[in-house]
Every structure is written in C-alpha cells, then in structure tokens.
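Report on the following structure.
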Amino acid sequence: MPLKRLRQNISAAFYRHGLLCASYPVPIILFTSASILTCCYPLLKLPLPGTGPVEFTTGVRDYSIPSHESPGDLSERPDWYQGPPVAYIQQVLVKAAVSPWDNSLVPVDVFRSPLGRVFSVLEEIRNHVYTDRSLEALCLQVTDLLPGLRRMQAVLPEHGCLLVSPGNYWQNRRDLFDADPDLLKTVHQHEPKGLHTSATLKDLLFGVPGKQTGVSLYNKKRVVTYTITIALSSYDARFVASLRARLKQLHPSANCTLREDHMVHVHFKEEIGIAELIPLVTTYIILFAYIYFSTRKIDMVKSKWGLALAAVVTVLSSLLMSVGLCTLFGLTPTLNGGEIFPYLVVVIGLENVLVLTKSVVSTPVDLEVKLRIAQGLSNESWSIMKNMATELCIILIGYFTFVPAIQEFCLFAVVGLVSDFFLQMFFFTTVLSIDIRRMELADLNRRLPAEAGMPPPKPGPLRPRETPPPPRPSPHTITLQAPAFRNLRLPKRLRVVYFLARTRLAQRIIMVGTVIWIGILVYTDPAGLRTLLAAQVSEQSPLGEAGLPPHLGVAPVFPGRDPTSTLSVLPAPEPTPLPENQSQGHRAARPEVVPVSSPQITWGPEDEELWRRLSFRHWPALFSYYNITLAKRYISILPVIPVTLHLSPQEAIDTRHPQDTHHAPPPSIKTSDLQADLTLYKVAALGLFAGVVLVLLLFCLYRVLCPRNYGQNGVPHGRRRRGDLPCDEYGYSPPISEISPLLLRGHSMDIECLASDGMLLASCCLARQIRVWDAQTGDCLTVIPNNGLRRSSSSGCWEHRDGWDHIGACEAENIFPIRRRTTPARPALFGDQPDLTPLIDTNFGSLPPSQTLSSSGFDFGGLVEKAYQEHETSPTLAFPPSPPASQQRRRSLGDQPVLPPELPPQNNGDWDSSVWAMELRGNLIATGRSSGKLELWDAVEGSLRCSNEDGVSGITALAFLNNRIVAARLNGSLDFFTVEITKPLGLLQYRGPPGRGSLPPSPCYSSEDVISCQLTRSVQCAHQKQITVLKAAAGRVVTGSQDHTVRVYRLEDSCCLFTLQGHSGGITAIYIDQTMVLASGGQDGTICVWDVLTGSRVSHVYGHRGDVTSLVCTTSCIISSGLDDLICIWDRSTGIKLYSIQQEVGCGASLGVISESLLVTGGQGCVSFWDLNYGDLLQTVYLGQSSEGQSVRQLLVLDNAAIVCDFGNELSLVYVPSVLEKLD
Amino acid sequence: DDDSTEFNDELGGALMRRGPYISMITNRTMNVLIRAAMLFMVGVFLALVLNLLQVQRNVTLFPPDVISSIFSSAWWVPPCCGTAAALIGLLYPCMDRRLGEPHKLKREWSNVMRCVAVFVGINHASAKVDFANNVQLSLTLAALSVGLWWTFDRSRSGFGLGVVIAILATLATQLLVYNGVFQYTSPDFLYIRSWLPCIFFAGVITVGNIGRQLALYEYKVSQEKTHQD
C-alpha cells in the first residue's frame, strides 16, 4: 500500500513537473544551460587532454633536484616537476665543414672527414675527468636492448653509458669507419622501410633532423651537423661545466652566442600506442552504434534529428557535469577520461530519454501540449524512478568493491546519473514540449484546408460524426489523416538517402578523407613540406615539435614508402665502376656546376634547442629501446655544447676511402624530384584506393543495415508465386496447399453483414439478400429471399438472373477452383454501374409502399429481364444510367403487393429497408433493419419466422444471446426482446415454401415450432447519442455510444449496471468475452480495460492516433488496431504496450484471434496470420485474383479454426492449417 | 512541398523491385550461413580486440612491430573464438524455439550494442584495473557478468546455457594450458586465471544476445518480403 501511495505521489509530482516544463520552456532551458555551464566551469582548470610533451624551463645556475613534496608557493611550477628526472640529456652539437672547399674534392668529402672527427670528440668526452669524476660514474647506465630489437644491437650501446653519436654506426671504432666503403649505405641500411611512427635510428644517432645533418651527396652548404647525446643519471654541475669548457677550448666556436643558462624539463604524457588505440576505437564504434540504434527509435515527432541531438546533448553534458562537479569537490580524475567515457555513456544510457519521448507521443493528440507532456511524464514516472533506483543501487554496490579505479568510476557514474536525471527532467522535457508544440502547429496548418469548419481541438471534443450509416470501420478514411505522418513512414532506404542528401555526408566523408590524405602526404613528406611546417611551427609554438598534431591514429593504417628509404637507394647502385685514373681524369674534366665557395659555419639561436625539431617521440623512443618508459615522467635537457670543427681539404683527402672517388657524378636533382614524384604518386594511388575501399565499405554497411523496408507501403503488390513462400524464424514454412481460401460466391453486391454461430454462416449484402452457408463445407444452404419468385428484386435485373440457378450456382461455385457459369456478363455489369450501390443503400423504409404502382413495376421488371436475356453480351443497353435506375427502383417497390396472395404481408420480409445488423444463433437469423424492424428467419428453410415492428428507429446493432435479442437503435434506445418458442398448435403462422422438407432439421428450433419475439423492455434513452457498438457475453450487454460512454446491462432483467466514463471520444470498439473481460476503444485512440463486476477502470492507455477500429483480447494481451494502420499488442494486466505492428496504409482494420498466439488480420485483398509471441508475420493468404481494390472489412473466427471474411461481394472461408495451431 | 516530394519518391522506391539480396536472405540455409558468418566475424573481431587488451597489460611501450607479433603469436585463437561465437549465436535462438520461450526482453539493436559495450568494459576492467587480490577481481567480474545477464537477458535458459558453456570453455582452456599450448603469466586457478569463467559467461551472454537479434532481424526481412508481396 505505501508503495502504491509512493507511486501515486511520484506520478503526481511528475505531472506537475511536466506542466511546469511545458508552460515555461524558455526560462527553463536558460536555467538548465546556465547550470550546465556552471557545473562545467571547473573543467577549465583541467589540463587539456593530449599526449604531447609539456615543458618547463628553469635556470641552470640555481638548479636543484625538485623535491617530491613540492611547496605550493612556486605557482608556476607544474605538478609533474617533482623528484629527479629520468635522465639529464647533454647534447654536444658538432658542426663540421671542410674549408676551404676546392674543386678537387668529391661530394663524399663533405661528410666523410667531418664524421670521422666524431671519434676524437667522443674520446675526449669519455676520457674527461673532473676531480676524479668521470663520465662513467655520472652517465645513465643501460642494460640490454629489448628482445625485439636484435638488429639494433650492433648500433645502440648496451651494458654501459647511454651515449649515442653517429659513431655508433661503426661501433665507435675509427678503423671500421675508415674501412667502410659507403658511409651513406651504412647510415641508411638501418632506416625502416615503410612509414614509421617513432624516431628513426638516424635521428637518434645524429640527434638532429635528417635533413639538417648534411650527410648526403647533395649538400650544398657543405656543413655537416650532428650531435653526441649523453644521458646522465645524475647532475653534477661542475663536471658538466668543465666538460663544456674543455670542449669549447679544444674546438672553439667563433661568433657563437648560444645561451647556456636554461635547462628544459620535458614531461611526457602517457603514450597511447596502436595496440591501446584499437580497443579504444572499438569501444567508441560500439558507442556510436548504440547511440545510432537508440535515436533511431525516436518516432512521431516533428524533428527526429533535433530530438536525437537533444538526447545526445543531454547525455554528454551530464557527463561533463559529473566530471566538473567531481573536480569541484576535489576529486581529480585519474582515470583516462577517453577510455572510460564510452562506458559511462552506456551506463547512463539514452533509454530514459526515449521512454519519455514515446510516452509523451502516445498521449492523446487532442489534448493540450502542456497536458500531454504532463501525462506522458506521469505515465512513465514510476518506471523511470525504478530504473534510476536500480542503477544507483548497482553502482553503489560497485562502490563497495573498494577497488580505487572502480570506486572512481562509480563516483563519476553516480554524479553522472543524477545530473542526467536532472537534465532529462528539465532540458529534454522542455525540448520535447517545444517539439510537440511545433508538430501540433504543423498538423493544424496541414489540416486546416481539409477541415476548415472544425472547431479547435479541446480536451475531449465532441466529434461530430455523420449519423446514419451503421458503424463499420471504413478503411478508406485513413487517407485523410495519412499525410500528417507521412514523413515518418518513409522507407528506410529513402530515409538514408535523404539523410545523406540533407547532411551532405558523402561530401563530408570525402573532405575528411582528403584531410587525412593530406595529413599522410605531409607526414611522409615527399615534397619537403614537413620541414617547412616544422620550421614555422617551432618558431611560433613554445612546444616546438610537440605542437604538431600527432598522426598516431592515422599513419600506421596506410603503409607507405618512406621517402628517405627511397632516397637511400640512390647512392647504392654503381652501374659501371670506373678505374681510378679514369675517374680522376673525369673528375678533373668535369665542369663545376656549383660555384666554389667555402662553407661557413654559423651559429644562430635556432641551434640552441635543435632537439625541438626532432620528433616528440624521439626521447621516448630512445629510452624505450632499453625498456625505460618516459610516460608520466620527465627528462631534463641541459644546454647544448657547441663544437665547431674546421677541416682542411688535405685532411679530407687523406681520410678518403679508395672507393669514394668511384662514385658516379651526382645524379641531377631531377631524378630526385622524380623519385619524390613517384612517392607522391604512390601515396596518391594509395589514397585513391583507400577512398574506393571506404566507399565500398559504406556501401556494404548500408546494404547490411538497411535492406528491409525495401519499398514498404508499396502500392503495387506483386502476386506471390507458389514455391515462393516465406519461412519463419526457424525455417518453418507452412505448406501452401493447406491455406487456400474457399471463396463463397453468390452475392451480387458488397457484403454488409456477417454472422456465424460456428455451424452456419449468414451473410447479407447491399442488395439485401441474405445467404446462409455451411461453415464447414462452404455450401450455400439458403438464399433469402428466394429469388426464384422474382418478387424481391428491388435493385436490378441481375438478381433475376441469379434466380435461375440460385442453389445450383451456389453449390457449384464454391468448389475450388471456382468456375462460374455466368462469368462473362456479370463483371461488366458491375463495372458499368458503380453508382447504383448508394442508391440501393438509401433508406426507403420511410416511404410508404404504394400499391398503385404495382403492375407497372412488375412489367418493367419483365421488360428489363427480356432485354437482359436478349443482349447478354451488351448489358449496358439494358441498364440506363442512374436517374432511370432510381425510377425503376421506385417501381420495383411496388413489387411487394404482387407477391403470391397466400402469403400474408407481415410474413414477408421488409425488402425495402436495408439490413443494418444481423445475428445468427441456432438456426435463427435475427436481422435488424433500417426501418427499425426486427426479423427472425429460419436459416435453413429461409422462411421468416417472426418479425417485430415495435421500434421505428433503425437498428444499428444486434446481440443475440440465449433466448434474448438486444437491439440498439439509431436514436440511442436499447430494446430487449425475448424469443419464445411454443410448440405448434396449428400452422397458423408458418408459411414456409413447400418442398424444403428434405433439408436437415435445425439443431435448436424445429420448423414446427412457433417462434414469437416479444419486446420485453425498451430503454428509451440508453445513450445520449447513437449507439455504435453492442456486444453481449457472459450475461451482460455492453453498449458503446457516440456520447463517450460505455454502459453495461444485465441481460436477464435489462437493468443498467454501470455507466463507464473515461473516453474522450465516441466509442468505436468493445470487446467482452465469457471471462468478463471488457475493453473499449474510442475515437480518441484510447483503450480502456474495465472490471465488469465493479465497474472500475483497470487500465487506460493511449494507443492510436485516430480511432481504435478493432479490439480483441486473449488471456494475456489486448490487441487493438487503429486508423493509424497500427496493430498494438498490450499486456492485459499492466497495460504496457508490448509491441506494435505497422501495417500498410489502407489495410483493413479487422482483427481476430484464432488461438492464444495466433492473430489474424485483414488487409488489402488478403488476410495475414501473425504469431502473437513474436509479432512475426506467419503467412499472408490472398483471397482472390483481382483483389487490389478490395479490403477485408469484417472477419469472423469460427470455432473450427476457420476464418470468414468478406471480400467485396464474395465471402472467403480460410481454414487455418493444423500446423499453425500447433504453435500454441 | 517537401512532404509531397518525399511521398512521390517513396512511391518510386516502392515501385522498385527487390534486389537479389532480399531473395537470398530469405532462403533458409543462406540465412543461417549469413548469420553464422556475421557471428564468426564478430567473434574474431572481439577476440582480437580483447586479446590486445590482455597483451597490453604487461607492455608499457610498444616496439614498432607489436602488432605483427600479436597477429602471429596465436593465430588460432581468433578463428576459435569466431567459431564458438557462431555456434553459440545460432544455438541461442534455436534453444528459444525448442523451449518455446521466445526471448522478450528489449529486443532492440541498441540494447545489443549496450550489451557488447558492457562486455568490452568487463574485459577492460579485468585487464586495466588493479585489484588488491585475485579473489576480489574474480568476485567483481562474476557480479558484473551476472549483472550483464540480468540487464540484457533475464531468461533462465540463457543463464543455464551460459553457465554450461562457460564451464566447458574453462575446462577446455585448462586442458590446453595443461598440455602446454599456451600459458598464463600468473595462474591462480589451477592453470588459468580465476576470472576466466566469468569472462566466458559474459561472452556467451553477449554473443547469444547478438545471435538472437540477428535471428529476429533476418526473420523480419523475410517477413517484410512476404508482407510486401
């Protein structure tokens, strides 16, 4: 009980909140935005995410190792600057040149002797001792290389100081260097093939970017630059200073003004490797798929994408708010935000938002927007609160795992959930209310031209409905409302296309692809763009190279050729080694292209921090080779020591290797350009290929995701061929031979009423002809009236024609395949006179039967019949257009008195008023006519057993239960009749046509019985308005009316038990069965479930936009269909919608339940069987050959699992195969 | 205006005939094959990604050829996982049909995506989060797995099948490790890690969810087709 009260309170609170939100949308959105911004403000203090290194500069003089507990007074000191660095990097920058340059020197001389000098400098450094401190003691000792780097073993130092220089290429041995015939080849042989993400070995050893080393054959400046990099584990200022002084003294650098007073500490963030990136990317892909599939479900709103955006914004900003709030309260996030973010989104979820949308959308459309929002909110309040409580509980449990990471995650999730709830309630609800309002406006605008005279929608408007026609669902009115939500029912294919077109997705993808491609181009650098960029960036940004965006995520995906490696191939091939003397002469004779100029060694400020030009992964890569990570640690880079080396040409010649002079003249720059071009082409081809692959991938994705709804709502339906049957989920395919409809033909016009008691089947067409069929075999048993007498043809001659062979034709025609004897003439007749139908439908009951016109009428009929017989092939001649037809009708009215005189008039049927309602019990057919007359016919013999003319208002609905008949009339009154059977004393009233005794006796009433029908009670004002639905079961009679109420009567004493109020529109459908389940549906689209014993409302749901056209219940669910072409399946106990089936536009609204799990619906010329558990279509049975225009309007389920439906002027009897029954 | 053009286009779309794809997908064996192939791919993909997560735990920085080493080290693992995924994913809807208990809980793709995300998250947690001891880790993962089942499955049959397959898979792994096919760095449950059954269970539930959704989806396609006809 307290739970229920809580539930009510929550519901009421949500209702009020919904009203508030919908009433003041703008202030609330402003308030929400302000609170989001406030909560996100602390985020500004957080460092921006990124893996680029950060640096911090201190002076060299007063340097001391920062303590771990850093005092807070040094505000500019970053918090990572604690403790000793991983290493101090001391670089010795060597610039060497052969000067003066003369023409006798070959290009190799530019770098051979300068590189050779590295060994002496190295020697100097290694042997430097300052007050018994040597380099060995101070430097960073490294051990083995990582096992995967065997090939680098020869080059990188192991088990000793981490001291790298170009000398490492030759194991720091001068003799190996001197013996090396091709230095360039040695340098380049370690360069990786393909695209590289980390620093190359050349970069590592030379310590300067590859272009600046000057180690190439085309070095125009003829200055070679390289560094000797020493990693020191501890910092001894005096040792470093003495080393600096010593080197400077040995190799003085003129005009060198490098600053020496700053050391730079570089802190490295945690690296995200490719291996780490793949799971991350995967989680993000899953996240986006989740968001996509969730927002796809948003439906029936004005702007689907707007709402989807609002939903995503809600979730994202709630996450930001949670991080912001946590930061505000001193909880600094230690988790990797990017990693946990997808999981947080998934935990918080978009479900609530979608549930809210659905709930609001399913409220009745005619309510005010405010009320709709409020109702929608309060409907879902309980489930939202329950879900949130559950999630909070789960997260709290997670909090008590006492694992720091999980605790932190849980904390974020809790704050995120709460802020998400806040945003849903304020932000999203308000956005939704704005959207709904917009939709309402749009709907109104669209509807105005059509229904200009309609009053504006109020809560619970009294919709005027055209009164006289009997309440039968007419599916064609759907087209009036359809355009309002036409845009929502687009096939997925088209929606995708529209989406692509609207967002210009293709162009954007191409744009992004181009950007990525350009990025790769820049990265692989075929045109030297990168150095240019790097130079510019390093000038501008304080971070130098770190400022360059890392191409981590992109670069490894596209393997490309490294330009340096392609270049390295160049010097290697030696086509024809010339003898030395020749080459000497050649060299002498060679015209000097480059003007002779001595190389100038200059020092500028750009040399101060040359390491900035290196890749920002330079240092991490170097250390990672020794399994030392720099992630979350820092190194200190000491000011560089400049060393200038001037070498004489003689020295250069002396150090020459004999083979150096064998080199061919340097290839022209063009070939290098060509090479670069080739790389360019390769990259271009690669980009093109990647683009094509991308397009193909998207195409495949599209085909995989959106193959269904392939032309949904299709107007032309191809006929299904045999053998083309569908199979269900488990491959079960119902055998086709078992479901073939049995067509019952014989009616000349559209079938109006259909009744069955399981054994017999009675149908009445617009021509007022009643036919009785055997429900088992489909045989036509009786035709009422008997057309052989030719007296009842009130509507045309073809009735006579039918009369010739009424029994024979009936019995012959229902044999499958159907053969009709008179086929050629009839369809043409119907086609020629479509306007006759409404005329016949007119109520002639008010016209007094005129006796005077009798003879002429009969004559006319005879004439026409003759004409018909004579011109059977051209029947149009016999049938004048409509005005004569009506004349003919009036005359034919007079047919009545020309009946055989032995029949008293009251025994004869009232052929002039149309049958509005018909019921069949036993072998008695009760017909209610538009004239207000109630007739009882013997179904087998086709004779009128009795009639009652107590009422004058037309009978709109009949119920026949036990021996009582209840008739609802047009004026809202309700008449209760009792059928009394008395054994015959004499055959006073029995005037059955002779010769029918051979037919089997009826089960209930023998033909000898005298049947009378007495009006026992008439409730004059049962309803204020026309009674639309009348159902009887379990001793109760239930009526539904246009006056929005449902009344329950007891059948025995015709006492009104309850008046049920709850609908805000006329009642259109009622269901009641033996178990006293009562459900009603109205024009407002609501479905109410009532307790018949207490008269209370059990549940109340908004199911449809537009009228509820049909309602059926099973023991577990309620099935409803509406004018919106939806079939909804509701849980009977909770009133929760289980699912809905979208049908084609204009399909019939008839429903039937065959068993607990088998639903049958009528459609355009077909009936469909559905599995109620899955909502799956089991089979569609097509009723006729030319069924395009016809739709099934009435559908009866018989006891023997057969269904009967009307189908134009035919009836269709479909036996449900036994296999389908096994499903339940 | 806009609506009317859309409507016309829709008519045009409806007039188009079905491509060979639809008729292919409605074929029963083809349908099963496609489902199996999709599940196989999902299994392979998840195995690769989750394997990466596990490998990552011991490696701080990656030499450039780490990717190739991952692909070469145990080439048979992803295909095995893929095959298992295909089997389980086909088994679940089949079992639903046999038992006559259709899975009714939130049969939507978004929910399946959520399930996959949670599964990856559980793996992520097992690989990344530092727990005090193995018991705590295993208990947490077990709770998470059962939570996954409760959130996304809630069918007794699903639970039973999940437990059975998890036990079988754990046994198989024990045997493999016992025979020295591969090994765990720090086994604490005979030869393997104690959280392995939980991961297996969560994986079975996830793949079963995908399989059910695929079965439903493939069926819907054929249904659309007949409906359209």
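Please treat every number below as a calculation from the coordinates, not as lab data. Everything numeric here is computed off the predicted structure, so don't read it as measured data. No Cβ is skipped: glycine too gets one built from the backbone with ideal geometry, and neighbour counts run over all protein chains shown.
Summary of values
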{"read-out": "Spin-label model distance (nm) - A:Arg508 vs B:Asp188, 7 Å beyond Cα toward Cβ", "value": "4.6 nm"}
{"read-out": "Residues listed by number, the stretch A:611-640, amide nitrogen under 18 Å from A:Ala405 label point at 7 Å toward C-beta", "value": "A:631-632"}
{"read-out": "Added length on full extension, which subtracts the Cα-Cα distance from 0.36 nm per residue, A:Ser648 to A:Phe329", "value": "107.9 nm"}
{"read-out": "Within 10 Å of each Cβ in B:145-151, the average number of Cβ atoms from other chains", "value": "1"}
{"read-out": "Under 5 Å, built H, 5+ apart or other chain: amide partners of A:Cys946", "value": "A:Leu936"}
{"read-out": "The stretch A:751-763 - phi-based ³J(HN,Hα) in whole Hz, Karplus 6.51/-1.76/1.60, Gly and Pro as x", "value": "7, 9, 10, 9, 9, 8, 10, x, 8, 10, 9, 10, 9"}
{"read-out": "Cα centroid separation - the stretch A:944-978 against the stretch A:13-38, whole Å", "value": "57 Å"}
{"read-out": "Average beta carbon contacts from partner chains per residue of A:339-350, 10 Å cutoff", "value": "3"}
{"read-out": "Averaged over A:394-406, number of beta-carbon atoms from partner chains that fall within 10 Å", "value": "4"}
{"read-out": "Ranked list, fewest to most other Cβ atoms within 10 Å of each Cβ, for A:Glu351, B:Glu101", "value": "B:Glu101, A:Glu351"}
{"read-out": "Rough spin-label spacing in nm, given labels placed 7 Å along Cα→Cβ, for A:Thr1059 and A:Val692", "value": "7.9 nm"}
{"read-out": "Computed over the stretch A:95-190, the ratio Rg/Rh where both radii use C-alpha atoms and Rh is Kirkwood", "value": "1.04"}
{"read-out": "Theoretical gain in end-to-end length, A:Ser1018 to A:Leu441 [0.36 nm per residue, Cα-Cα removed]", "value": "203.0 nm"}
{"read-out": "Amide H within-cut-off set for B:Ser194, under 5 Å, with H built and near neighbours excluded", "value": "B:Asp188, B:Phe189"}
{"read-out": "Sorted by Cβ neighbour density within 10 Å, fewest at the top, the residues A:Ile635, A:Ile373, A:Ile65", "value": "A:Ile65, A:Ile635, A:Ile373"}
{"read-out": "3J(HN,Hα) from dihedral phi, the stretch A:600-606, Karplus parametrisation 6.51/-1.76/1.60, rounded to Hz, x for glycine, proline", "value": "9, 9, 10, 10, x, x, 5"}
{"read-out": "Amide hydrogen neighbours beyond the local backbone of A:Ile784, cut-off 5 Å, H modeled", "value": "A:Ile770, A:Arg771, A:Val772"}
{"read-out": "Inter-label distance for A:Ala245 and A:Gln8, nm, one decimal - labels placed 7 Å from Cα along Cα-to-Cβ", "value": "9.5 nm"}
{"read-out": "Alpha-carbon centroid distance for the pair the stretch A:276-301 / the stretch A:1099-1113, whole angstrom", "value": "34 Å"}
{"read-out": "Gain upon complete extension [A:Lys682, A:Ser1096; 0.36 nm per residue less C-alpha separation]", "value": "141.2 nm"}
{"read-out": "Violating pairs (Cα-Cα greater than 27 angstrom) within the set A:Lys302/A:Lys370; A:Lys358/A:Lys1031; A:Lys304/A:Lys1137", "value": "A:Lys358/A:Lys1031"}
{"read-out": "Rg(Cα) / (2.2 N^0.38 Å) computed for the stretch B:143-191, rounded to two decimals", "value": "1.44"}
{"read-out": "A:Lys269/A:Asp178 FRET efficiency (R0 41 Å; Cβ-Cβ; nearest 0.05)", "value": "0.40"}
{"read-out": "Of the chymotrypsin sites (Phe, Trp or Tyr not before Pro) in the stretch B:151-199, those whose Cβ has at most 14 other Cβ within 10 Å and which sit in DSSP loop", "value": "B:Phe182, B:Tyr184"}
{"read-out": "Hz values of 3J(HN,Hα) by residue in the stretch A:634-650 - Karplus curve (6.51, -1.76, 1.60), Gly and Pro given as x", "value": "9, 10, 10, 9, 7, x, 6, 9, x, 10, 10, 10, 10, 10, 7, x, 5"}
